[in-house]
Amino acid sequence: MTAVPQERKLVTAIPGPKSQELQARRLGAVAGGVGSVLPVFTKRLDGGILEDVDGNRLIDFGSGIAVTSVGGSAEAVVRRATAQLADFTHTCFMVTPYEGYVEVCEALAELTPGDHAKKSALFNSGAEAVENAVKIARAYTKRQAVVVFDHGYHGRTNLTMALTAKNMPYKHGFGPFAPEVYRVPVAYGYRWPTGAENCGPEAAAQAIDQITKQIGAENVAAIIIEPVLGEGGFIEPAKGFLPAIVEFANDNGIVFVADEIQSGFCRTGQWFACEDEGIVPDLITTAKGIAGGLPLAAVTGRAEIMDAAHAGGLGGTYGGNPVACAGALGSIETMKELDLNAKAKEIESLMKARLSAMQEKYEIIGDIRGRGAMIAIELVKDPASKTPNPEAAAALAKACHAEGVIVLTCGTYGNVLRFLPPLVIGEDLLNEGLDVIEAAFATV
């Protein structure tokens, strides 16, 4: 495989003629409910560059939604997955097992927070991981209720849609949803009525009060939260919030689940985002960045909790597929070898400095937040009212796409621009991408 040159290059309008041709074919063959942020058809993906079928090279600030953290064709991922492909593609671990699955579970036990005995089960997608974490927590506690938070996102299956806060596009028209799911406030500092400095303890007190009065702590199997909320707008819960929720869970025999599907595997400058406040979850769900782009997910947790489900109660035909496991081992090898936690912190300091300078010029930037290479800006009509400005987010994304920079939007109000560059992106590409974003502000 020849490496993709690490430089932005536009040879046609975006999308180009070949992408438009493929888009016409796609409209005839692919269900309309499957959307795309940008209809450029990918030919190669390497480092911080996506090359499309027209020969355009775009700077990638999306990483396939935090998946290709080690790049879209990382050497170790390709090498290990290729070797595994030559041996066998599948046996089903529940029929005849194989070493790769065990190796991934051993790596997860080593990397996830806490020095207690841990076990894992492997699945295909983040939603499957969250769904199985609920099954495991219910089996362990013999309780039913599940507590989630405002602005949270946990997937697109029936149960995980119930756990997800945002209606459009995730839930609209797809109900009825799974029962025994309860939503409580989260510590969203930028929008907290009494200010960010009071937010952590106040939000925790409100959430705990609601759980105690409306559900009863003794009925709660699991509390599930993203340590940095992803689709909800890259919200970092205000300091003190997560430790208070964990303490409440521990005191009441509730399984605390950290959903690290978007924030895990070096994305925030630590192996897992929950480490920032010393949180040790009972269960941790992972996917996205785990396997360099191959479909894999996991639930990892305290051995006694993980063993609560009866034999045969967990699994799935493709869960922990051998090729995906090989990809995961290659991805973890790359993260360690290149110290991608340190790289994520470098990305954060560069991006936040540049974005802060933009905020001084453009008052529609209400908030800059996130950690590592999981950074976002919240756009508002004006800084005083903080009225969400989804129109600006859409216009800025469109302007960046036209200039060959892939950016994504998110947020409950659709007013957040999020940046998820590959952790292996070069500093020159990072700066060039930020130049394009700054120029987009000037025009929008």
*Determine if the stretch 108-128 includes at least one residue that is within 24 Å of PRO421 (Cβ to Cβ), assigned by TED's automatic domain parsing to the domain that holds LEU163 and not polar (S, T, N, Q).*
yes
*PRO113 being without any contact (Cβ under 8 Å) to a residue 40 or more places away in the chain and closer than 23 Å to GLY126 by Cα*: no
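Take the stretch 154-169 and flag every residue that is farther than 22 Å from GLN214 by Cβ and touching a residue at least 12 places away in the same chain (Cβ under 8 Å). Give the derivation first.
Start the filter on the stretch 154-169 by keeping residues that are farther than 22 Å from GLN214 by Cβ, which leaves 155-158, 168-169.
The answer is GLY155, ARG156, THR157, ASN158, PRO169.
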*Could you tell me which numbered condition THR164 fails, if it satisfies all but one of (1) crowded, with 21+ Cβ neighbours inside 10 Å; (2) among the polar types (S, T, N, Q); (3) farther than 30 Å from PHE419 by Cα?*
(3)
*helices (runs of 4 or more DSSP H) (entirely within the stretch 97-189) containing at least 2 residues that are touching a strand residue (DSSP E or B) at 6+ places or on another chain (Cβ under 9 Å) and over 19 Å from GLY264 (Cα atoms)*: 126-141, 158-163
_Pairs needed: first member in the stretch 170-190, without any contact (Cβ under 8 Å) to a residue 12 or more places away in the chain; second member anywhere, of a type outside the set (Gly, Ala, Ser); C-beta distance under 7 Å; at least 6 residues apart or different chains._
LYS171/MET161; LYS171/THR164
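If you go through the stretch 347-380, how many residues are among the β-branched types (Val, Ile, Thr), farther than 19 Å from GLN262 by Cα and not in a strand (DSSP E or B)?
Of all residues in the stretch 347-380, those among the β-branched types (Val, Ile, Thr) come to 347, 364-365, 368, 375, 377, 380.
Applying the additional criterion that residues be farther than 19 Å from GLN262 by Cα yields 364-365, 380.
Now narrow it down to the ones that are not in a strand (DSSP E or B): 364.
Number satisfying all stated conditions: 1.
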*Please find, among GLY200, GLY233, the residue that is under 15 Å from ARG369 (Cβ atoms), of a type in the set (Gly, Ala, Ser) and not in a loop (DSSP other than H, G, I, E, B).*
GLY200
*Residues of the stretch 366-402 being touching a helix residue (DSSP H, G or I) at 6+ places or on another chain (Cβ under 7 Å) and free of Cβ contacts under 8 Å to residues at least 24 places away in the same chain, which ones?*
ILE368
_Name the single residue that is surrounded by the fewest Cβ atoms within 10 Å (Cβ to Cβ) among those in the stretch 236-259 being among the hydrophobic types (A, V, I, L, M, F, W, C) and assigned to a strand (DSSP E or B)._
PHE256
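Per-residue answers, yes or no, for (1) at pLDDT below 95; (2) touching a Ser or Thr at 6+ places or on another chain (Cβ under 8 Å); (3) loosely packed, with under 12 Cβ neighbours inside 10 Å; (4) not in a loop (DSSP other than H, G, I, E, B):
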| site | (1), (2), (3), (4) |
| --- | --- |
| LEU27 | no, no, yes, yes |
| VAL40 | no, yes, no, no |
| GLU51 | no, yes, no, yes |
| GLY55 | no, yes, no, no |
| ILE65 | no, no, no, yes |
| THR68 | no, no, no, no |
| ALA76 | no, yes, no, yes |
| THR82 | no, no, no, yes |
_Members of the stretch 291-319 found to be closer than 16 Å to THR89 by Cα, out of contact with any Ser or Thr (no Cβ under 9 Å at 6 or more places or on another chain) and either of a type outside the set (S, T, N, Q) or crowded, with 21+ Cβ neighbours inside 10 Å (or both), listed by number_ = GLY316, TYR318, GLY319
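Would you check which residues across the stretch 33-74 are among the charged types (D, E, K, R), closer than 23 Å to ASP435 by Cα and out of contact with any helix residue (DSSP H, G or I) (no Cβ under 8 Å at 6 or more places or on another chain) and list them? Before the answer, list the steps.
Initially, the stretch 33-74 is screened for residues among the charged types (D, E, K, R), giving 43-44, 46, 51-52, 54, 57, 60.
So of that shortlist, the ones also closer than 23 Å to ASP435 by Cα come out as 46, 51-52, 57, 60.
Answer for the stretch 33-74, where residues must be among the charged types (D, E, K, R), closer than 23 Å to ASP435 by Cα and out of contact with any helix residue (DSSP H, G or I) (no Cβ under 8 Å at 6 or more places or on another chain): ASP46, GLU51, ARG57, ASP60.
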_Quick check on the stretch 357-393: of everything there that is of a type in the set (Lys, Arg) and surrounded by fewer than 17 Cβ atoms within 10 Å (Cβ to Cβ), which residue is nearest to MET335 (Cα to Cα)?_
LYS361
*Could you list, in sequence order, the residues of the stretch 11-25 that are assigned to a loop (DSSP other than H, G, I, E, B), over 29 Å from the mean Cα position of the chain (by Cα) and surrounded by 15 or more Cβ atoms within 10 Å (Cβ to Cβ)?*
THR12, GLY16
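The values are calculated or read from the model by the stated rules, or taken from the named source; none is laboratory data. Please read all numbers here as calculations on a predicted model, not as lab measurements. Positions of Cβ are generated from backbone atoms using ideal geometry, with glycine treated the same way; all protein chains shown enter the neighbour counts.
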